[in-house]
Amino acid sequence: FHREELVRLEKAEVEDALLRPLAGAYKWHSDAIAAVWKWTAGHPLFVASIAAAVHNRRSSDNRGSVSAAEVEGSVDSALRVADTWEDAWLQLSRVQQLLLRALGAFSVPATIQQIVALVREWGGPYESLDFLSATQGIVEDGAIADGPDGLSWQVPIIGRWIGRIDPAEILSETDDRQLTLTEAGRLAERGRRVHAGGPPAVAAAGLPAG
């Protein structure tokens, strides 16, 4: 998700990245290459992790072309190979993590309202404005797309990776990286009441009324 990550590969570059290291040992069927593109959208880390997973699952004497079925069967193994992706995940705020985890629960584009509803089912105290502010950077970095029907994955394998995470773990972690708009608004309102004086300030400060 961070901007210093490697530049995405074009479709032709994905094919080259899959074939070049093999030096002709075996080939990739065009449908298999298309499947890699479908899952990775040219993200170099995941192109490499799928290639490694496919290779590791093959017997040493298998010289046949890699099939699309082999790619599909190797995705979960590829996620284990790509565990360094966790470093990028840990750089996100809790709101961003919840946004992506909720999006991972949908097989079709999801609206912010749908994401808010799901996160609230998990016990998250967030509102639409929180997720709207968290969306921009992730969209700019190409992890997800914001289309007319809602948010969707640009790189579906990232959604598969995030879908394995328990939402309760995200909600239980302390997050000092980002004050959400909702939380900021509550603090601002509390500050206004305290400085205004009178009964509202007493209530906002949590003190017993005299």
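The values are calculated or read from the model by the stated rules, or taken from the named source; none is laboratory data. Predicted model, so just to flag it, every value in this text is computed and none were measured. Glycine gets a Cβ as well: all are built from the backbone with ideal geometry, and neighbour counts include every protein chain shown. For the accessible areas, the whole protein counts, side chains as well, though only heavy atoms, and no ligand, DNA or RNA atoms are used. Shrake-Rupley method; radii C 1.70, N 1.55, O 1.52, S 1.80 Å.
A few points about this structure:
- The smallest convex shape that holds all Cα atoms of segment 1-80, its convex hull, gives 88 Å³ per residue.
- Computed with a 1.4 Å probe over protein heavy atoms only, the accessible area of H29 comes to about 90 Å².
- K38-V108 pseudo-label distance in nm [points 7 Å out on the Cα-to-Cβ vector]: 1.9 nm
- Just so you know, the averaged projected area of the alpha carbon convex hull for segment 92-158 sits at 4.1 nm².
- For segment 38-96, Kirkwood radius (reciprocal of mean inverse C-alpha pair distance, Å): 12.7 Å
- When you filter the trypsin sites (Lys or Arg not before Pro) in segment 37-136 for DSSP loop state and at most 14 other Cβ atoms inside 10 Å of their Cβ, you are left with R63.
- Hydrodynamic estimate: the Kirkwood radius of segment 25-65 over Cα pairs, inserted into Stokes-Einstein at 20 °C and 1.002 mPa s, corresponds to D of 199 µm²/s.
- Note that segment 67-111, at 37 °C in a medium of 0.692 mPa s, gets a Stokes-Einstein diffusion coefficient of 261 µm²/s from its Kirkwood radius over C-alpha pairs.
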